[in-house]
1. Between the DSSP loop rule and a limit of at most 10 other Cβ atoms within 10 Å, which trypsin sites (Lys or Arg not before Pro) in the range 227-260 are left?
2. Report, to one decimal in Å, the Kirkwood hydrodynamic radius for the range 181-248 based on all distinct Cα pairs.
3. Treat each spin label as a single point 7 Å out from the Cα along the C-beta direction, and report the ASN525 to ASN321 distance in nm.
4. FRET efficiency for LYS493 and ASP266, Cβ-Cβ distance as r, R0 = 45 Å, nearest 0.05?
5. Give the calculated FRET efficiency between SER5 and LYS100 to the nearest 0.05, with a Förster radius of 35 Å applied to their Cβ-Cβ distance.
6. Label points 7 Å out from Cα along the Cβ direction at ASP228 and SER650: separation in nm?
7. Take the cross-link list LYS561/LYS606; LYS78/LYS243; LYS218/LYS322 and give me the ones stretching past 27 Å between alpha-carbons.
8. Select from the range 56-117 those trypsin sites (Lys or Arg not before Pro) which occupy a DSSP coil region and have at most 12 other Cβ atoms within 10 Å, ordered by residue number.
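Bear in mind these aren't lab numbers, they're just calculated from the coordinates by the rules spelled out. All figures in this text were calculated on a predicted structure; none of them were measured in a lab. As a convention, Cβ positions derive from the backbone with ideal geometry for all residues, glycine included, and neighbour counts pool all protein chains shown.
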Amino acid sequence: MALFSAAAKGDVQSIQSLIESEDGSEDSGYYSDASGKTALHIASENGHLQTVKFLIHHGAKVNVGDYKRQTAVHLCSKKGHLHVVELLVNEGASIEIGDKNGFTALHIASFEGHFDIVKYLVSKGAELDRLASDYWTPLHLALNGGHIDIAEYLLTEGANINACGKSGCTALHTASKTGNIDGVKLLTRQGAELDMTTDYGWTALSFATSGGHLDIVKFLINEGVEVDKALGSGMTPLCLATKRGHLGIVEVLLNVGAHIDNCNRDGSSALHIASYNGHIEIVHHLISEGSHLDKCDKTGKTPLACASQKGHLEVVEYIVNKGAGIEISDKDGFTALQVASREGHLDIVKCLVRNGADLERLTNDYWTPLNLALDGGHLDIAEYLLKEGANINTCGKGGCTALHTASQTGNIDGVKFLTRQGAELDRTTDDGWTALSLASFGGHIDIVKVFVNRGVEIDKALRNGKTPLCLATERGHLSIVEILLNVGANIDKCNRDGVTALHKASFKGHVEIVKYLVKKGAQLNKCDKNNRTPLSRACQEGHLEVVEYFMNEGAGIEVGKDGFTALHIASLEGHLDIVKYLVEKGAQLDKCDKTDRTPLSYASQKGHLEVVEYIVNRGAGFEISDKHGYTALHIAAFEGHLDVVKYLVSKGADLGRLADDYWTPSRLAFHGGHLSIHAFLLKIVKPFIGFKEDNYDYLPFGGEAYPGYMPPYSRTYDPYLTSQRDSSRSSRKSITEETMIISLDEYRIKVPLSPDDLNIAKNIRAEALTSIPPDLNLGKDEVIISVGLKLSPPGLQFKTPVEVTVSHSAIFSNPDKAEIVLYTRRTGKIFLFFNVRAIGMGTQQISIIMQYTIACIASRQNFERIEICVDQECCTELAYCCTRLA
């Protein structure tokens, strides 16, 4: 643009013409180029004083920043235009505005070395210790730029000599790091703290040694700095100099007493570091100064192992000649030879072998040098080790030889090499793996071909009975399956569980292998030791394509000695598509297995609603029971599948159906802890298990009132229940009426008792109370319980434990946090326990549970006490009765 071009040239006349013309109608203080610079920026940067003055007088804004947030003052300070800086400041430009990096004009002028501008800005009050975004001060930047005069001036003006910049670096750190010896000397004279550390523990000496600044190192040492002060990682100045290969500094540090074997955090000494990095001259010097040759770091590595790992032959030779132990192993059992063999350093392997390294040494995982060389693909090392006498069949971890290792990892060159060298081809590991087994399992077809051509035993099985064919089948390696069968592998050979290759392929869903095995004559209906056919295994895992193929090939749909058919399995696993296919193909819906369970039973057991719906809609009998008398509804209720329960009920399943042990579906749901199902069944169950007499419903021994039975209420209050309570609270022995029943009038239920049932007490009568009688005088450890329990307000739910002492009157408190947990009975010296669950249930369900449980226990057992735990906080409205049992 013409305006910017004129500003760059300092052409005031052109600028004036442009401003007065239409082209310059935009505000010259705001109009900017692609970098966000205005005409004022450009004129200031180029030092055109008169142009700057003209632009300001025509409205240019002196504190506008470009896209880097740099103002005109920043730009002329960077370029060293003092007069422009002065003009801008006099016209109101701020000297404390920071750019996007937080740099003020003073930061920039200090870094660029414009002493006159620095002085001017300081004279105008520029902040000496202002931190930029990376925490650099003007002093840091002056030293970083090598401007000693500016640094000295800033210090004279009061700059903080120890102000911390990025990561805690002071000006001394910066000077030491950049090799600025004059800056270091200046700062030292001015009193800088010499041993001050950065956030990571670096000192000025650390920076100088790492950077190789020998003159600064000597100067700092003469000033008395601490020579062994370490970084947070534990690296001392000696270690840092060693790592970077600065021999002269290593010598200086040792001459002034640096500790030669000080270790960093991982236990490495200077000799470890020099050996690892291959600094042979430093290795010489450290050893000559007495460094410990065989010192181990925290992983157990010696300097020799470090040099062997990185392939520094000259260091290895020197350390070995100095007497380093070549058989010292690290914490994983690796010696220098094993490390070099793994890493592929043939020259070092040769050196170590010449010096007597053990060729058969095992690591903690039983790897030999030969195993490690082959595992890393280093055939030259493997060949050399065998030539030097390494045993080709030495066993490593789990009995693995070098050939096993090469076969497992797919190292075809290693396999060919070992085969030529005479490795034992059919050797097995501790678990029975051969080289062929490992290659077949891993899918290494070229290695399988080598072994087949060499005549290895094709059907040699693992200890679990798996053959190479089974292993290849299991992993889906069709090409290897074809090779093995073409050379005579036994297609129907079973593993220890009676599983054939066809079972494995079916279970894994490898349809192409399935087809090939069947084509080659595999037995379709062969059962394994669990009476499962290949078709059953495909159904189990949901492989429809395999199932369809088997059916088309004539597989038996009802095969299985235990009666557990393909449809049973598909229903159990919930594979609806396979269930539909099998039913369409004629599978028997109501076929029973040896436990008399049908496919519907198993689908209900696992909660597969869609399968249940389909089977029932196709005509399956849902009242068929197993050998225990359990129907599909019993099973679904016990297993907690509410959706299945609701569906079966909607189809007319018998809710009152008794199993052989007299369990109903609702009782099984309760026993299984599935209270939502129990509550659902309570609302809809119709029959009553018991008998009627004299307008009362009677419970037989062990009987159960149907859960929804709610006759009209007729609350009564018998003061006799409380008036007989004596001062010693022994009311449990107070009631001795003649009739032999517990009368539950709220429910018109009477529980028959014999004289021996309750020891002393007779005619135990329980009645509901509308309120707590004032003369009841309850103890703090007593609560009220009613056989017909009522809570207020309606709908309260129990969530945490409640304690009830049935033999005393008591109060239920905090019912929204309650849970009925445990009934105990004592006979002689023995305590028996009855578990009762009532979590999250409403009032009606709690009452039924209490009615049923107390009635059953009372009618069956002698007992002294029945109790549950209670939280007595936060009482709700009271309305309950008690039973006083002797």
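1. Within the range 227-260, no trypsin sites (Lys or Arg not before Pro) qualify (loop, at most 10 other Cβ atoms within 10 Å).
2. Evaluated over the range 181-248, this radius sits at 11.9 Å.
3. My value for the distance between the label points is 8.2 nm.
4. My answer for the efficiency is 0.30.
5. It comes out at approximately 0.85.
6. 8.3 nm
7. Where the Cα-Cα span goes over 27 Å, the pairs concerned are LYS78/LYS243; LYS218/LYS322.
8. Those that pass, being in a loop and sparsely packed, are LYS100.
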